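Heads up: the structure comes next, in structure tokens.
The values are calculated or read from the model by the stated rules, or taken from the named source; none is laboratory data. Because the structure is predicted, anything quoted here is derived from the model rather than measured. Here the Cβ is made from the backbone with ideal geometry for all residues, glycine too, and neighbour counts use every protein chain on show. Side chains are part of the model used for accessible areas, which takes the heavy atoms of the whole protein and leaves out ligands, DNA and RNA. Shrake-Rupley method; radii C 1.70, N 1.55, O 1.52, S 1.80 Å.
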Amino acid sequence: MREEQKEKLKKIIVDIEKDSSLPKMKEKELIHFLGIPKEEKKNFTALLEEMVEEGLLSFTGKEGQDPSRSAKAKKKGSSSKEMETLKFSSGAVEKRDTARFASDTRYESKNTVHAPSEKKDRSLKGVYSKAKKGFGFVSLSEKELDDIYIPKGLEGNAMDGDTVQILITREKQGDSSAEGKIVKVMKRAVTEVLGLVKERREGLFLYPDNVKLPSPFYIQPGKTGGALPGDKVMAKILSYGGVQKEERRGSRGHSPIPRGKKSPLLSYPVCGVTEVLGASTEPGVDVLSVIRAFSLPEDFPEEVKIEAESISQEVPESILNSKARRDFRALTTITIDGEDAKDLDDAISLEYFPEKKLYRLYVHIADVTEYVKEGSSLDLEALERGTSVYLTDRVIPMLPRELSNGICSLHEGVDRLTLSCIMDYNERGEQLSHEICPGIICSNKRMSYTGVTAVLEKESGTATLGAENSASVASLDTGKRNEETAEDYSSYLPFKDLLLHMRELSRLLRHKRVERGGLDFDFPESKIIFNEKGQIAEIRSVIREESHKIIEDFMLAANETVAEEYYWRDIPFLYRVHERPDFDKWQELSRILSNFSILLRAKDPDSIRPKALQGILETIKGKEEEMMLSNLILRSLKQAKYSVECGEHFGLASKYYTHFTSPIRRYPDLQIHRIIKENLFSQENEKRFAHYSRILPDVAMQSSLRERRADEAERDCMKLKKCQYMKNFLGESFPGTISGLTEYGIYVTLENGIEGMIPLRMLNDDYFVFIEKELIARGERSGKTFRIGDSMSVLVYAVDTLSRTIDFVPAPELPEE
């Protein structure tokens, strides 16, 4: 049966199913109605099974039985050879269908009367993202900005990241998302799976580390690769589930399932082991498991390595002497990054003119496009990777290290090519003018966040950021090196005035942003300290320092300036958009905040303003519930993404925003650098406009998906390391703060930022019930309550590295002396 015949017959069957004037038909009635020949009934049954699997049919087969079940019963025992030789006669079905439907007036009236329902059930294509709870979303092309909600159970056998075809089952209504169901997988994103091998009665099974994948997979006998229970393995997916694939037999007509056993292929996807990573407890297997579970790339392809190695590590004299670039090497220029950073995307220069009270800010960004040409092996691999991934103990770069850590990185004391954004500001932080141009710089000093903060705190006389910074400030006085970083911060002192002016301008820009409603979250981050053996020595909570804010404010300013400039040029471009929250989430947030006597207006979607949330962040600053409520506000927001349309950035309260400042580690930045340089050096070119109009929607989609994958992998790796660390403290007690409450338990955050949960069932002294309206847990007998922000001591009760969870129980109270 040819593919076009199958699709035509499917459409006819769907039309019959939708026709309200026709009775609901069983399989036999449908065969008779369509005039299917007797010798073709088995193949027709297979077609119905496929349609049920795709979600195109919802009729019943035999009395009280699912059509797929009845079909399986009929089909059982048929070999793959038989299925292949059964074909539809092109004349038999097509002629009968044509004749029957041409003479059926009910079919004609259906087409006329039910046209609106046909429009409702429109088919769209997109990428499926599955949530841990089973539901998911399909991201459509850039012309359809809103994602489509896929309820749990309507995803078919689609997996996270698959390109799928969907049918809209409910159009968007007001602020409520449109809903759909997946009817066909167009392209598989996941072809391999990583997980833990376990043995069950039917054989060996693989339990994926990625919780978004179905679990478990059946490991086909003869394809175990020597894996044993307890091993972490990589496996190739042989079947994604679905009736036809599940029932498929081996190449010689033999079933791969041992005789007398119930076939797990009837309900599980199937895989074959390709690599045994080792026992799950072996060192190094943990992070490797995260890399493989998220299908992160490791080695670069050979052609990419060859191209990277061919690039000189020095800027050619011909470029240095070119008049096409501005020479900024006479300016005092610095970089501020983490102590261990090697891919330095950005450098800063600042001039202050006291007589004019004017700040001239130079944001110099590595000119990666000079070395990564469009369509080259380097470019295509960078697009495929989308972004660099920063795991706890390693970096998976977007570009080979010859570029990311070499010729593109803005190292101290060497000439480097840049794309620079020059901005003039007055004493109120208002931008007066700007210019974007290619440049050449030579960084005068490579600084760290810790060192810059130490200089600024010493000048302010407020070194209050903990032992690490106190030691840093002390090193300025003694001229000694910081013990942890072996860095001499006294070498920063010649740049003291420059840093102070940078702080002044940074605060002006931040004030302007907050004033217009930009959200300023100030979450502490967890930092893992490894010892010489690569083991976790400590996990500490690190706050965002003044030096971080300086770089952040300057990069935001450059991103906004570039976005507005190219918006008004009206040429194809990539933007960073952050849509308004859904109104139902806004209302839910308003309800929760009311429990803390905080008013958030939620009358209608038009009342959603970022300034309202910024006011709340200011209100709760320093309060016990600050961390929890800030997290709730953050979770109520949508995820930012890349787009060819310039929409608002809700979180920054910005009309124009893009990503310009990190082309070494983000592909969208690299892409817009290419557009900017073309626009600077050449006249408007309709052919290039058409080219970018064609490719940018796919670049936006790819970049958003790769960013999401990187974020999830980084979070997962951090959770894994936290679990491994806390396993060392089973049975020990720690002080903590209640950071969340649910119907299942009480979340407690320790001083080092590690969070765990006390299951309500583990509170043995009383029966505690979660009261959602008041956001408390109350004991029914004692009346004792637990509230967010309460301090409590907990004991580490259990740690599960596979599920990335830590369980606490209340620590026993010490007897009073």
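Name the one entry in SER139, SER215 that is out of contact with any Asp or Glu (no Cβ under 8 Å at 6 or more places or on another chain) and of a type in the set (S, T, N, Q).
Exactly one of SER139, SER215 is out of contact with any Asp or Glu (no Cβ under 8 Å at 6 or more places or on another chain) and of a type in the set (S, T, N, Q), namely SER215.
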TODO: Look through the range 306-326, keep the residues that are polar (S, T, N, Q) and without any contact (Cβ under 8 Å) to a residue 12 or more places away in the chain, and return whichever of them is least open to solvent (accessible area, probe 1.4 Å).
DONE: SER322
TODO: State the number of residues belonging to the range 409-433 that are crowded, with 18+ Cβ neighbours inside 10 Å and assigned to a strand (DSSP E or B).
DONE: 9
Open item on the list: Within the range 187-217, take every residue that is of a type in the set (Ser, Thr, Tyr) and within 19 Å of SER280 (Cα to Cα) and give me the one that is modelled with the lowest pLDDT.
Closed with: SER215
Open item on the list: Can you tell me how many residues within the range 327-344 are under 23 Å from VAL389 (Cα atoms) and either surrounded by fewer than 23 Cβ atoms within 10 Å (Cβ to Cβ) or in contact with a helix residue (DSSP H, G or I) (Cβ under 8 Å, 6 or more places away or on another chain) (or both)?
Closed with: 9
- [ ] Filter the range 123-138 down to residues that are surrounded by 19 or more Cβ atoms within 10 Å (Cβ to Cβ) and under 14 Å from MET186 (Cα atoms), then give me how many there are.
- [x] 4
TODO: Go through (1) surrounded by fewer than 23 Cβ atoms within 10 Å (Cβ to Cβ); (2) farther than 23 Å from VAL304 by Cβ; (3) small (Gly, Ala, Ser) one by one and return the number of the condition GLY406 breaks.
DONE: (2)
Open item on the list: Can you list the strands (runs of 3 or more DSSP E) lying wholly within the range 718-817 that have 2 or more residues being of a type in the set (Ser, Thr, Tyr) and more than 24 Å from ASN210 (Cα to Cα)?
Closed with: 733-741, 791-800
Open item on the list: I'd like the full set of residues that are more than 30 Å from the chain's Cα centre (by Cα) and surrounded by fewer than 12 Cβ atoms within 10 Å (Cβ to Cβ), limited to the range 686-706.
Closed with: GLU686, LYS687
Open item on the list: Exactly one of these conditions fails for PHE808: (1) at pLDDT 90 or above; (2) open to solvent by 20 Å² or more (accessible area, probe 1.4 Å). Give me its number.
Closed with: (2)
TODO: Would you check if ASP393 is in a loop (DSSP other than H, G, I, E, B), in contact (Cβ under 8 Å) with a residue 24 or more places away in the chain and crowded, with 22+ Cβ neighbours inside 10 Å?
DONE: no
Task: Number of the exception - THR112 against (1) closer than 30 Å to ALA713 by Cβ; (2) at pLDDT below 75; (3) of a type outside the set (Gly, Ala, Ser) - done: (1)
- [ ] Taking ILE676 as meeting all but one of (1) surrounded by fewer than 21 Cβ atoms within 10 Å (Cβ to Cβ); (2) over 30 Å from LYS172 (Cβ atoms); (3) out of contact with any Asp or Glu (no Cβ under 6 Å at 6 or more places or on another chain); (4) modelled with pLDDT of 85 or more, write down the number of the exception.
- [x] (1)
TODO: Identify all residues within the range 523-553 that are within 21 Å of PRO610 (Cα to Cα), in contact (Cβ under 8 Å) with a residue 12 or more places away in the chain and out of contact with any Lys or Arg (no Cβ under 6 Å at 6 or more places or on another chain); write none if there are none.
DONE: PHE523, LYS549
TODO: Among the residues of the range 578-612, write down those that are open to solvent by 80 Å² or more (accessible area, probe 1.4 Å) and not in a loop (DSSP other than H, G, I, E, B).
DONE: ASP584, LYS585, GLN587, ASP606, LYS611
Open item on the list: Please determine whether any residue of the range 170-190 is part of a loop (DSSP other than H, G, I, E, B), under 22 Å from the mean Cα position of the chain (by Cα) and of a type in the set (D, E, K, R).
Closed with: yes
Open item on the list: Condition check: surrounded by 17 or more Cβ atoms within 10 Å (Cβ to Cβ) and under 26 Å from MET718 (Cβ atoms). Does THR749 satisfy that?
Closed with: yes
Task: Within the range 485-525, considering residues that are aromatic (Phe, Trp, Tyr) and open to solvent by less than 40 Å² (accessible area, probe 1.4 Å), the one farthest from ALA557 (Cα to Cα) - done: TYR489
TODO: Tell me, please, whether a residue that is buried (at least 19 other Cβ atoms within 10 Å of the Cβ) and closer than 21 Å to GLU302 by Cα can be found in the range 353-360.
DONE: no
TODO: Return a yes/no flag: does the range 621-636 have any residue that is open to solvent by 40 Å² or more (accessible area, probe 1.4 Å), part of a helix (DSSP H, G or I), among the polar types (S, T, N, Q) and modelled with pLDDT under 90.
DONE: yes
Task: Which listed residue, of GLU303, GLU298, GLU282, is out of contact with any Cys (no Cβ under 6 Å at 6 or more places or on another chain), modelled with pLDDT of 90 or more and open to solvent by 60 Å² or more (accessible area, probe 1.4 Å) - done: GLU303
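Being part of a loop (DSSP other than H, G, I, E, B), open to solvent by less than 10 Å² (accessible area, probe 1.4 Å) and touching a residue at least 24 places away in the same chain (Cβ under 8 Å) is the requirement here; does MET398 meet it?
yes
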- [ ] Could you run through the range 645-673 and say how many residues are assigned to a loop (DSSP other than H, G, I, E, B) and either touching a strand residue (DSSP E or B) at 6+ places or on another chain (Cβ under 6 Å) or crowded, with 19+ Cβ neighbours inside 10 Å (or both)?
- [x] 16
Open item on the list: Return the residues of the range 162-176 that are in contact (Cβ under 8 Å) with a residue 60 or more places away in the chain and more than 14 Å from PRO151 (Cα to Cα); say none if nothing qualifies.
Closed with: GLY174, ASP175
